[in-house]
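Each reported figure results from applying straightforward, stated rules to the coordinates on display, with no laboratory input. All values reported here derive from a predicted model rather than from experimental measurement. Every residue, glycine among them, receives a Cβ derived from its backbone with ideal geometry; neighbour counts consider all protein chains shown.
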Amino acid sequence: MTPTTELEARKRPEIKTELPGPKSLDIINADAEFVTPSYPRPDYKLVADHAQGVWITDPDGNVFLDCNAGVAVCSTGHCHPEVVAAIQKQVSELIHLCGTDFYYRHMPELGKKLNEIVPIDGPTKTHFANSGAEAIETALKLAMYHTHRQKFIAFQSSFHGRTLGALSLTSSRKAQRLGFMRQPLDVVHIPYPNKFRHFITDQATDEGTVTCDVLTWLNKVFETTTPPEEVAGIVLEVVQGEGGYVPAPTMFVKELRRICTEHGIMLIVDEVQSGMGRTGKMFALDHHEGVKADIVCMAKGLGSGMPIGACTARADIMDWHKGAHASTFGGNPVALTAALRTIELLQGGLVDNSREVGAYLEAGLNKLKEKYDVIGDVRGYGMMLGVEFVKGSRGADATGGNPTGREGVPLHDPHSQDADLRDRVEMACYQKGLIILGCGNNAIRWSPPLILTKENVDVALEIFDQAVAESI
Ligand SMILES: Cc1ncc(COP(=O)(O)O)c(C=O)c1O
């Protein structure tokens, strides 16, 4: 894309004040007084004033290179001119009418578009919502309604949102559930097939072993507490997001599909974070050829920053009665317009860019992995890349050491996860004008706008390299 503004054309971040600067601090202090303290903000404090493309400017005039995209939301970059123009036109024509009671063209238009692109076999229908959690709520209700069953299977370290139904699935951090006591839904959590840290040994393993072990666990659950004929749905992140940007092996995803089909269980694929081109294909499930979902949940990157969620299901599954599920704002015409234009841009080159520039970023991160033994893993697809920090040889001394394994510290030592180092790297990046965000216990997620260029990557990697060097 040709830069249209001075901000878009810039090459490097620019930090002019101490961070956060005085104007930013005023906002942070006002926030502390008037806004809920429950938001899980990181140690560093970024205040945005305006943003364009991959650049964010704070109220003090500092400019940051954004490799987080508002947590994987601003897929087309900040304020993409075509998305802005489409929104502005729509705002002047129709802002709201309530699609639950009336009609407008945007709902069938986006429903038709999603029908073309979602990884579901056969015709689909879509329910529109305002967020990822709401899309998940829709999927849960729909699966219960359709199957006449009440139980769900989800994965440890998963994140599906914080509304009460979604929270029953979510298990990525204690803080998300602490204080809320019992969960409304009957959900059994099984280990996620993380080949980088096997759930028993905490050691790197191969796809076959971890697939086999998780499926054995699932089978035990079926045989003991949770008969498969009572399970409405299995909810899967094909790449676990908040849990650490961990991809599931193809053989696992295929087997899960087979098990769901065998038992009449809905395979609910949560593409809220991994969808809309983030992984270099339109959906993360597209990386597993031939595997299709029954229900797909989307949000985040779908609207380039406009609040939108969508739950698309096989048309024969979405067979519920009039009044069974609806939302006043869900499917708002402005948000749907943004989504339609976003998908055009994704199909018009941004998914390809995510794949190509994502591979360039991944190669650069792998070079840093060679350079620093504290980088234990680089993983993911496209522009959904996780970098895991471990203690390396320095940590071996600090923890008493262990004679075997990588640089003297085997991954099976749970203390090898270095969350503090991850936090220091995150902070050092911020101080140098690079925005990245942690995920999982000890990983950093790279989830930049999908317009990121190789030139941007070179700058980001240079800063990241320095940040790691001075944080060790
Ligand atoms: C995979 C996944 N599902 C669901 C959600 C919840 O989305 P929201 O925060 O829009 O409710 C998130 C948010 O991070 C997510 O990553």
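Table for the structure above
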{"read-out": "Kirkwood hydrodynamic radius of the range 223-357, Cα pairs, Å", "value": "16.3 Å"}
{"read-out": "³J(HN,Hα), Karplus 6.51/-1.76/1.60, whole Hz, each residue of the range 193-201, x for Gly, Pro", "value": "x, 8, 6, 7, 8, 4, 5, 9, 8"}
{"read-out": "Amide hydrogen neighbours beyond the local backbone of V390, cut-off 5 Å, H modeled", "value": "I375, G376, D418"}
{"read-out": "Rounded D (µm²/s) - the range 1-89, Kirkwood Rh over Cα pairs, Stokes-Einstein at 37 °C, 0.692 mPa s", "value": "228 µm²/s"}
{"read-out": "Estimated dipole of the chain in Debye, rounded to 20 [Cβ of Lys and Arg +1, of Asp and Glu -1, Cα centre]", "value": "580 debye"}
{"read-out": "Pairs from K89/K113; K281/K391; K281/K454; K220/K292; K151/K300; K89/K141 whose Cα-Cα separation, in the structure shown, is over 30 Å", "value": "K281/K391; K89/K141"}
{"read-out": "Rounded, prolate or oblate (a/c below 1.5 giving rounded, otherwise prolate when a/b exceeds b/c) for the range 169-257 by Cα gyration tensor", "value": "oblate"}
{"read-out": "Extension gain from D352 to D458, taking 0.36 nm per residue of separation minus the Cα-Cα distance", "value": "36.3 nm"}
{"read-out": "Protection-proxy order for peptides 209-220, 246-257, 131-142, each taking the mean of Cβ atoms within 10 Å per residue, highest first", "value": "131-142, 246-257, 209-220"}
{"read-out": "Distant-in-sequence amide H partners of M266 (H built 1.01 Å from N, under 5 Å)", "value": "G233, I234"}
{"read-out": "Amide proton proximity set for G438, modelled H, under 5 Å, gap of 5+", "value": "R445"}
{"read-out": "Alpha-carbon centroids, the range 12-70 and the range 181-211: separation in whole Å", "value": "35 Å"}
{"read-out": "Two-site label geometry, E109 and V91: point separation in nm, points 7 Å out along Cα→Cβ", "value": "1.8 nm"}
{"read-out": "Ascending count of other beta-carbon atoms within 10 Å, so fewest first, for Y44, Y430", "value": "Y44, Y430"}
{"read-out": "Extension gain (nm, one decimal) between W217 and V71, 0.36 nm per residue minus Cα-Cα", "value": "49.4 nm"}
{"read-out": "Sites K11 and A363, calculated FRET efficiency, Cβ-Cβ separation with R0 22 Å, nearest 0.05", "value": "0.55"}
{"read-out": "Antiparallel bridge percentage (DSSP; both residues within the chain; nearest 5)", "value": "65 percent"}
{"read-out": "DSSP beta bridges in the range 97-331 [antiparallel fraction, %, rounded to 5]", "value": "40 percent"}
{"read-out": "Reachable aspartates and glutamates, given that their alpha-carbon falls under 18 Å from the alpha-carbon of K322 and they are not under 8 places away in the same chain", "value": "D101, E137"}
{"read-out": "FRET efficiency estimate (nearest 0.05) - Cβ-Cβ, M251 to K322, R0 35 angstrom", "value": "0.25"}
{"read-out": "Charge dipole magnitude, Cβ of K and R +1, D and E -1 - the range 97-331, Cα centre, debye nearest 20", "value": "500 debye"}
{"read-out": "Estimated vicinal HN-Hα couplings, Hz - the range 297-312 in sequence order (Karplus 6.51, -1.76, 1.60; Gly, Pro = x)", "value": "9, 9, 5, 5, x, 5, x, 6, x, 6, x, 7, x, 8, 10, 10"}
{"read-out": "Least to most buried among E455, E33 (fewest other Cβ within 10 Å first)", "value": "E33, E455"}
{"read-out": "Rounded, prolate or oblate (a/c below 1.5 giving rounded, otherwise prolate when a/b exceeds b/c) for the chain by Cα gyration tensor", "value": "oblate"}
{"read-out": "Radius of gyration and maximum dimension Dmax of the range 97-331, Cα, Å", "value": "17.0, 55"}
